[in-house]
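One structure below.
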Amino acid sequence: MIEESFKGTLAAKGFDEALMRLKPSPQVEEEPGQFWKDFIRETAPEFKKSTTDQLETLIKPIWSELIDGSTYVNDRLASIFESVNPDVIVQDNVVAFGAVLTAGRPWVRIVSCNPLEIPDPNLPPVFSGLPTAERAGWERFRQLYADLHAGLHRDFDAFLRDHGCPPLPFGQFMYESPSLNLYNYPSELDYERSRALGPTWQRLESSVRATDGAFALPEGADGHKRIYLSLGSLGSADSELMGRLIEVLGRTDYRVIVSMGPQHEELHLAGNMVGAEFLPQTSVLPLVDVVITHGGNNTVTECLHFGRPMIVLPLFWDQHDNAQRVHETGFGVRLDPYRFRDDELLDWIDRLAGDQALSGRLKTISRRLQATPGTVRAAELIEALARSRQPSAARP
């Protein structure tokens, strides 16, 4: 199943597509994911707030939109499942789709955000960006989050129950699958839990696509530090922040590769830069020395997969959690995207690019991750479930 604005994306990779919408059709044709690009661009001022202050004015509205999409599409999903008659359903989403639970097929939950999405009392609350070694602020954040989202949880829970689903877990908008749950996070970054996840949970370590096109470094890149700058398709919508980063890096002798994003027409690259609206990220990462990222889960896990240190400038959602985890595990540094000093950013680039001990550590991790691809492991687990229809714990 694919959202209508992405029509053709999966067909180009050999998949059959069943189209759906998460809200009524717009008056004019839209770009893929255009709603979320517009939403983030319009709410970009919220990125400058603390994680606590973002809860009411950014996190809650995002949850509300996601829940509205789930309730809107429920009947369409049920119709698709009835028509396709799948052996197994795979859901990668942070909110539940009621039709998945009532379809009568085994289903797989994929957690593709930071694993703090799976709560544990011994770990910081999701979206907080708080350190694991210091509990100050944990309970205050948890309580504020619970209070602000209680109404959303109550109404969504009622909708799901009315459509034949069990009660939602307390304070969560997603169920655990009784059959198979996958999450994507290298063990070197992962958290030590107070209670082990159940046997239906499997960690994929990293799950990196092999479908990106080739990328060649521009002439003259040899002998210079090579930097990749990407704030993701949503983070790069903050053209003011992107402009500042381009200006600072443009005064150096680094060679910079810039993923420019949806506001690319507003950005003007310096002479030491190349870039485009979209770049084949998994082909770029092996060629650079340091990555400047917003801290999205895909980019963070891909950086470890290819052994690259990170400067993380978190903006919203789980990016704060990833930034903190990268910082406290020593694979990079967390900087405030709106308050870093120019010299601070450049100093960290030099330190990370020149850290031979870190480079060796990352190479070791990269070899391990690439030797056991999470994509292969996930496919094996899903295929086994489709054949047996038994929970992963029950399979040999």
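What follows is calculated from the coordinates using simple rules that are stated; it is not laboratory data. Just so it is clear, the structure is predicted and the values come from calculations on it, not from any experiment. With ideal geometry, Cβ positions are generated from the backbone for all residues, glycine too; neighbour counts draw on all protein chains shown.
Kindly state, to the nearest 0.05, the FRET efficiency for D75 paired with E380, given R0 = 25 Å and r defined as their beta-carbon distance.
Details: r = 33 Å, r/R0 = 1.33.
Calculated value: 0.15.
Along the range 309-319, what does the Karplus equation 6.51 cos²θ - 1.76 cosθ + 1.60 (θ = phi - 60°) give for ³J(HN,Hα), rounded to whole Hz, x for Gly and Pro?
Using θ = phi - 60°, the values come out as x, 10, 9, 9, 10, x, 10, 6, 6, 7, 4 Hz.
How large is the charge dipole for the range 226-371, taken about the Cα centre, if only the Cβ atoms of Lys, Arg (+1) and Asp, Glu (-1) carry charge, to the nearest 20 debye?
Working: 14 positive and 19 negative charges, 145 e Å.
The calculated dipole for the range 226-371 is roughly 700 debye.
Testing the spin-label approximation: label points 7 Å from Cα along Cα→Cβ at S194 and Y338. State their distance in nm.
Each label point is offset 7 Å from its Cα along the Cβ direction, giving 3.3 nm.
By how many degrees, 0 to 90 and rounded to 10, does the Cα axis of helix 239-250 deviate from the longest principal axis of the chain?
For helix 239-250, the angle is close to 30 degrees.
Would you order Y191, Y228, Y175 from fewest to most other beta-carbon atoms within 10 Å of each residue's own beta-carbon? Spell out each step's value before the answer.
Numbers: Y191 17, Y228 24, Y175 21.
Ascending Cβ contact count within 10 Å gives the list Y191, Y175, Y228.
Going by Cα centres, the range 40-61 and the range 132-208 are how many Å apart?
Centre-to-centre (Cα) distance: 21 Å.
Among L101, L358, L197, whose mean-square fluctuation peaks in a Gaussian network model of the chain (Cα, cutoff 10 Å)?
In the Gaussian network model the winner is L197.
Angle check, please: helix 34-43 long axis (alpha carbons) against the longest principal axis of the chain (alpha carbons), in degrees 0 to 90, nearest 10.
For 34-43 against the chain, the angle is about 60 degrees.
How far, in degrees from 0 to 90, does helix 60-84 lean away from the longest principal axis of the Cα atoms of the chain, to the nearest 10?
So the inclination is approximately 50 degrees.
What relative contact order, as a whole-number percentage, does the range 226-371 give when Cα pairs under 8 Å and 6 or more residues apart are counted? All intermediate terms of the calculation are to be shown ahead of the outcome.
Details: 244 pairs, mean separation 31.0, N = 146.
Relative contact order, the range 226-371: 21 percent.
Would you check the chain for Lys pairs whose C-alpha atoms are within less than 29 Å, ignoring same-chain pairs closer than 8 in sequence, and give me the count?
Summing the qualifying lysine pairs gives 15.
Springs between alpha-carbon atoms under 10 Å, Gaussian network over the chain: tell me which of S83, S187, S233 tops the mean-square fluctuations.
Ranking S83, S187, S233 by mean-square fluctuation puts S83 first.
Based on the Cβ-Cβ distance of E277 and E17, what FRET efficiency does E = 1/(1 + (r/R0)^6) give at R0 = 30 Å, to the nearest 0.05?
Working: r = 23 Å, r/R0 = 0.78.
In this case the efficiency is close to 0.80.
Ranking V94, V256 by Cβ neighbours within 10 Å, fewest first, what do you get? Provide the component values of the computation, followed by the final result.
Numbers: V94 19, V256 24.
Lowest count first: V94, V256.
Per residue of the range 151-160, in order, report the coupling 6.51 cos²θ - 1.76 cosθ + 1.60 (Karplus, θ = phi - 60°) as ³J(HN,Hα) in whole Hz, putting x for Gly and Pro.
With the stated coefficients, the range 151-160 comes to x, 4, 5, 4, 5, 5, 4, 5, 4, 5 Hz.
Projecting each Cα onto the charge dipole of the range 226-371 (Lys/Arg +1, Asp/Glu -1 at the beta carbon, about the Cα centre), which of M310, G360, G271 comes out farthest on the positive side?
Checking the options against the dipole of the range 226-371, the answer is G360.
Quote the relative contact order of the chain in percent (integer), defining contacts as alpha-carbon pairs under 8 Å separated by 6+ residues. Intermediate values should be presented prior to the final figure.
Numbers: 620 pairs, mean separation 63.7, N = 396.
Over the chain, the number comes to 16 percent.
Restrict the search to the range 326-363; then list the trypsin sites (Lys or Arg not before Pro) that DSSP places in a loop and that have at most 12 other Cβ atoms within 10 Å of their Cβ. Before the final figure, lay out each step's value.
Numbers: sites: R334, R339, R341, R351, R361, K363; in loops: R339, R341.
Passing sites in the range 326-363 are R339, R341.
Would you kindly derive the ³J(HN,Hα) couplings of the range 255-263 from the backbone phi angles with the Karplus curve 6.51 cos²θ - 1.76 cosθ + 1.60 (θ = phi - 60°), listing them in order in whole Hz, with x for Gly and Pro?
10, 10, 10, 10, 7, 7, x, x, 9
Excluding I67 itself, what net charge comes from residues whose Cβ is under 13 Å from its Cβ, given Lys and Arg +1 and Asp and Glu -1? Mind showing how you got there, number by number?
On the way: positive: K23, K60, R154; negative: E65, D68, D155, D157.
Value of the local net charge: -1.
How far apart, in nm, are the 7 Å Cα→Cβ label points at L287 and D253?
2.2
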